[in-house]
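Each remark here refers to the structure printed beneath this line.
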Amino acid sequence: MEKLNKMLLPHPESNLKTNIMVMGADIIKIMKSKDYRGKYVLVEDIMKEFLKNDKKRTIELFLYTITFLFIVDIITRKDYKIRLIKNVSNNE
C-alpha cells in the first residue's frame, strides 16, 4: 500500500489573510511575544491583538483558529487562559 501524504492546502482563490493556517501563525507569533511567552494568557487579550492586525478578522475567525490550534496540539488551555505548548519551536 502506498503511504498517502495529507496536507492542508488553501484553495487557490482564497484570501490568505483570512486563511486559518495564516491566522494560526499570527496567533502563535502574538503568543511568542515577550509579554505572553510561556504564560497562560486570557483568551480575550490574545483576541484583541489578533483583531487589530486586520479589519477583515472577526471574532468567529479567531475562535475557529484557536480551535484549530488546540486540535493540532499547539496550544493548551486552563480555565479562560491559553498557552503555547512548550515544544513549538521558532521554525514551526
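Values in this text are rule-based calculations from the coordinates and carry no lab data. What you see is a predicted model, and the numbers here were worked out from it, not measured in a lab. Cβ sites come from the backbone with ideal geometry, for glycine too, and all protein chains shown count toward neighbours.
Mean separation of Cα pairs under 8 Å and 6 or more residues apart, divided by the residue count, gives segment 16-84 a relative contact order of 41 percent.
Charged side chains reduced to their Cβ positions (Lys and Arg at +1, Asp and Glu at -1) give segment 16-84 a dipole of some 220 debye around its Cα centre. Distance cut-off 18 Å, Cα to Cα: go down the list Lys17/Lys52; Lys17/Lys39; Lys55/Lys81; Lys32/Lys81 and report the pairs above it. Where the Cα-Cα span goes over 18 Å, the pairs concerned are Lys17/Lys39; Lys55/Lys81.
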